[in-house]
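Peer 1: Below are the structure tokens for one structure; questions will follow.
Bear in mind that the values in this text are calculations on the coordinates, not laboratory data. No experiment lies behind these values; they were computed from the predicted model shown. Cβ sites come from the backbone with ideal geometry, for glycine too, and all protein chains shown count toward neighbours.
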Amino acid sequence: MLLMKLRAEEKFAFLQLAQYVAKLDGEYGLKEREVVEEYCTEMGIENVEIELNAFDLDAILNLFLSPKNQKIAMLALLVLVHIDDRYGINEHKVISKIAQTFHIDDKTLHLFSMWGKMGSALYEQALSFVEK
């Protein structure tokens, strides 16, 4: 819903970031893949798999220039980390690093995380409605 507001460069950066975060727990599961695919559709870009060994988190984060677009990226990432009901330690550490880089304080990050959890639940519920 909000990802379409990102600049073109940020959309491709977000795709890389989303795939990186989704793979942190060692498993890029079906639910995570579905969400990333939905994000690509929303942004109007092709879902191209990244090479993890070439991924540079700091360089990617520096491409998000405005606080507004940083928050958009963070909200979408938090839906993604909650979609598989496993918000693991590696995901938590990277999300905290992203929040720090984006100057998102702990209280705001907690609110964003709760929103992401609700968003992932609503996404799952919507899928069940349309598949019936």
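Peer 1: Given the options GLN100, GLN16, GLN70, which has the most mean-square fluctuation in a GNM of the chain, springs set between C-alpha atoms less than 10 angstrom apart?
Peer 2: GLN100
Peer 1: When the chain is treated as a GNM, springs tying every alpha-carbon pair under 10 Å, which of LYS71, LYS31, LYS11 comes out with the largest mean-square fluctuation?
Peer 2: LYS31
Peer 1: Right, here's the next one. Mind running the shape call on the chain? Use the C-alpha gyration tensor, a ≥ b ≥ c as the square roots of the eigenvalues: rounded below 1.5 for a/c, prolate if a/b tops b/c, oblate otherwise.
Peer 2: It comes out rounded by the Cα gyration axes.
Peer 1: In whole Å, how far is the Cα centre of the range 33-47 from that of the range 93-132?
Peer 2: Centre-to-centre (Cα) distance: 17 Å.
Peer 1: Quick one: length gained pulling VAL130 to GLU27 fully straight, 0.36 nm per residue minus the C-alpha distance?
Peer 2: 34.4 nm
Peer 1: Just check the range 80-132 against the gyration tensor rule for me: Cα atoms, a ≥ b ≥ c as the square roots of the eigenvalues, rounded for a/c under 1.5, and otherwise prolate or oblate depending on whether a/b exceeds b/c.
Peer 2: Cα axes put the range 80-132 in the prolate bin.
Peer 1: In which sequence would ILE50, ILE98 go, from the one with the fewest C-beta neighbours within 10 Å to the one with the most?
Peer 2: By the 10 Å Cβ count, ascending: ILE50, ILE98.
Peer 1: Pop the C-beta distance of TYR123 and ASN53 into the FRET formula with R0 = 35 Å and round what comes out to the nearest 0.05.
Peer 2: E(calc), rounded to 0.05, equals 0.70.
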